[in-house]
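What follows is a single structure, written as structure tokens, with notes after it.
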Amino acid sequence: MPLSKRRRARLVRGVQYGVLVVAVVVFALLADWHQLRMAFFDVEVAKALFPDIITTALVNTVLYTLLGFGFGLALGLVLALMRLSSVPPYRWIAVTYIEFFRGIPCLLVFIALGFGVPLAFEVALDMNITVMLSLGLVGAAYMAETIRAGIQAVPKGQTEAARSLGMSHGRAMVSIVIPQAFRIVLPPLTNELILLTKDSSLVYLLGLSLTQFELANFGRDALNEHKSLTPILIAGLLYLVITLPLGQLVRRLEARTAKAR
Amino acid sequence: MTTDRTTAASEDTKAIDVQGLRKSFGELEVLRGIDFSVARGEVVCVIGPSGSGKSTLLRCVNLLEEPSAGRVTVAGTEVTDPDVDIDLVRRRIGMVFQSFNLFPHLTALENLTIAQRRVLHRDRPEAERIARANLERVGLSDKASAYPAQLSGGQQQRVAIARALSMDPELMLFDEPTSALDPELVGDVLAVMRGLAQDGMTMLVVTHEMSFAREVADRVVFMDGGVIVEEGTPERVVGAPQHERTRTFLARVLDPAAAEVSEVADTGAAG
Ligand SMILES: Nc1ncnc2c1ncn2[C@@H]1O[C@H](COP(=O)(O)OP(=O)(O)OP(=O)(O)O)[C@@H](O)[C@H]1O
Ligand SMILES: [Mg+2]
């Protein structure tokens, strides 16, 4: 007797579950649990990481991210306004900048600013400045495009109403358009902040001193010291401590914008 | 000020003077030679079919659109003169839009104070005093702290009128202020406008509300195809139109159902 379509579908799903359960059981039996636990969650190693992994590494990750984000946001806003300017050269500069810095790896910018500039110009940039510029220069390119889209999403009638009240173009931008644009771009900007949090790990390139370690660097250093993966696992979890709430925030903001429409 | 007015004589009695106004969007010529003026204290209603250029005319008066040719003078200042600071002229012209265009991130009160503070540089207490007086004038003193999204369309439009009034304009432009409203909300807005007219405000109003035009307007202008077809008192233009195009338009606006029936029946459209 041929199986009905629905019964066949149920059978296929049953087989899939079966295979999955078998795979999990086999893995559990074969795995060396002791070794795995020692590698990924060695309590002694974990204890040794605290409190420095919080007070130094986590704090530095947040600091580097915020430096890059703050600078990137300011530069991104300027670029977005230039991109929308009625003056052609401004537009050309903004487009060139955005295309250039979106197109090259952030890593390259770190190398250029961390090693290239000091060698070529014989100046030593402060570490925080180097990080701020490297993360910010690249972040600005992305944020400029986001902000431009946000400004363009503000209805034209808003500018017209502002101008008809006698506001100059600049005043209408500052008081009316940009505040509304920022509400629109808050979710994508928060996403950008998440990306920057992860990109901040690129500072490892710069050769940091102990007090400058951020999470990734700290984890790698501890990995060498303890010959254990535990520091990496904990560093990863601490990144999630930053990024998961931000992701949650994005979803909330998006829901709010959706409701406001 | 009174001596000024008497010496400046006839020039100064005109709130708006438009001469040979033309406006093209690319190939499309939307205004094809408009001459007309509005006297101080006068209420002029502009009527006409969709696409006839009514909004464009209004927007040329405060230079939201750049005229292609012709002269536009507002309260003695030629706005089409390239040397004129248009921001200075615009603050003397109130504009009310079909879609309200309130600032959604500001409360009703802030909508009324922001330009007073940033453009006229009034201090906060004075700006708020004037704002509250104008909210009162449009019957919304209890909505000062509401955001636009919390207001009905009719309330939003009245806030928009109060926002324009807070700048102490010498004249007001209205572009179909009630067209986006549910029928039961139209009355409140028209009542506010009627009050303004009674107080002597100079008003140029694009509208499809024929009863308002008939009752409030000193003069009605009928536009079609980018030109003024006829103008005169409401009794003349709405009551006894001289041109066939005006008659056809009025028949459609005053009684849409009847106009359709008569078009289908191919009888005369005028009622
Ligand atoms: N910015 C613009 N670019 C191109 N064409 C335009 C623009 N603004 C208006 N037009 C065109 O100009 C013509 C007149 O438009 P306008 O808005 O002045 O008409 P209107 O009389 O106000 O019509 P309605 O009653 O529908 O508001 C229309 O054909 C319109 O498509
Ligand atoms: Mg219109």
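The values are calculated or read from the model by the stated rules, or taken from the named source; none is laboratory data. Please read all numbers here as calculations on a predicted model, not as lab measurements. Neighbour counts are summed over all protein chains in view; Cβ atoms, including those assigned to glycine, are modelled from backbone coordinates with ideal geometry. Heavy atoms of the whole protein, side chains included, go into the accessibility calculation; ligands, DNA and RNA do not. Shrake-Rupley method; radii C 1.70, N 1.55, O 1.52, S 1.80 Å.
Here are the numbers for this structure:
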| item | result |
| --- | --- |
| Of all residues in the range B:217-253 being away from ligand 1 (no atom under 16 Å from the Cβ), of a type in the set (Gly, Ala, Ser) and surrounded by 15 or more Cβ atoms within 10 Å (Cβ to Cβ), the one that is farthest from the chain's Cα centre (by Cα) | B:Ala251 |
| Test: B:Pro169 is of a type outside the set (A, V, I, L, M, F, W, C), within 14 Å of another protein chain (Cβ to nearest Cβ), touching a residue at least 12 places away in the same chain (Cβ under 8 Å) and within 16 Å of ligand 2 (Cβ to nearest atom) | no |
| Residues that are in contact (Cβ under 8 Å) with a residue 40 or more places away in the chain and open to solvent by 70 Å² or more (accessible area, probe 1.4 Å), drawn from the range A:39-62 | A:Phe40, A:Phe41, A:Asp52 |
| Criterion (acidic (Asp, Glu), within 16 Å of ligand 2 (Cβ to nearest atom), out of contact with any strand residue (DSSP E or B) (no Cβ under 8 Å at 6 or more places or on another chain) and more than 23 Å from B:Asp17 (Cα to Cα)) met by exactly one of B:Glu184, B:Glu215, B:Glu235, B:Glu209 | B:Glu209 |
| Boolean, B:Phe103 is modelled with pLDDT of 95 or more and within 16 Å of ligand 1 (Cβ to nearest atom) | no |
| Complete set of residues in the range B:18-47 that are over 30 Å from B:Leu254 (Cα atoms), more than 9 Å from ligand 1 (Cβ to nearest atom) and either crowded, with 19+ Cβ neighbours inside 10 Å or modelled with pLDDT under 95 (or both) | B:Glu27 |
| Tabulated pairs, the range B:46-66, first in a loop (DSSP other than H, G, I, E, B), second hydroxyl-bearing (Ser, Thr, Tyr) and near ligand 1 (Cβ under 8 Å from one of its atoms), C-beta under 8 angstrom, 6+ apart or interchain | B:Glu65/B:Thr56 |
| Pick from the range B:87-109, criterion surrounded by fewer than 18 Cβ atoms within 10 Å (Cβ to Cβ) and part of a helix (DSSP H, G or I), ranking: farthest from the other protein chains (Cβ to nearest Cβ) | B:Leu88 |
| Where a residue in the range B:193-215 is farther than 15 Å from B:Glu170 by Cα and within 16 Å of ligand 1 (Cβ to nearest atom) and its partner, wherever it lies, is in a strand (DSSP E or B) and open to solvent by 10 Å² or more (accessible area, probe 1.4 Å), with Cβ under 6 Å and at least six apart | B:Val206/B:Asp175 |
| Sole exception among (1) more than 9 Å from every other protein chain (Cβ to nearest Cβ); (2) under 22 Å from B:Glu176 (Cβ atoms); (3) open to solvent by less than 30 Å² (accessible area, probe 1.4 Å) for B:Ser50, by number | (3) |
| From the options A:Gly72, A:Gly103, residue that is modelled with pLDDT of 95 or more, under 25 Å from the mean Cα position of the chain (by Cα) and closer than 30 Å to A:Leu238 by Cα | A:Gly72 |
| Residue within the range B:110-118 that is at the interface with another protein chain (Cβ under 9 Å from one of its Cβ atoms) and closer than 23 Å to B:Cys60 by Cα present | yes |
| Residue within the range B:142-152 that is surrounded by fewer than 24 Cβ atoms within 10 Å (Cβ to Cβ), basic (Lys, Arg) and free of Cβ contacts under 8 Å to residues at least 40 places away in the same chain present | yes |
| Filter result for A:Arg10 (open to solvent by 100 Å² or more (accessible area, probe 1.4 Å), free of Cβ contacts under 8 Å to residues at least 24 places away in the same chain and under 37 Å from the mean Cα position of the chain (by Cα)) | no |
| Helices (runs of 4 or more DSSP H) contained in the range A:149-239 and holding at least 1 residues within 14 Å of chain B (Cβ to nearest Cβ) and in contact (Cβ under 8 Å) with a residue 40 or more places away in the chain | A:178-199 |
| Breaking point among (1) open to solvent by 40 Å² or more (accessible area, probe 1.4 Å); (2) within 14 Å of another protein chain (Cβ to nearest Cβ); (3) part of a loop (DSSP other than H, G, I, E, B); (4) more than 16 Å from B:Pro177 (Cα to Cα), for B:Pro82 | (2) |
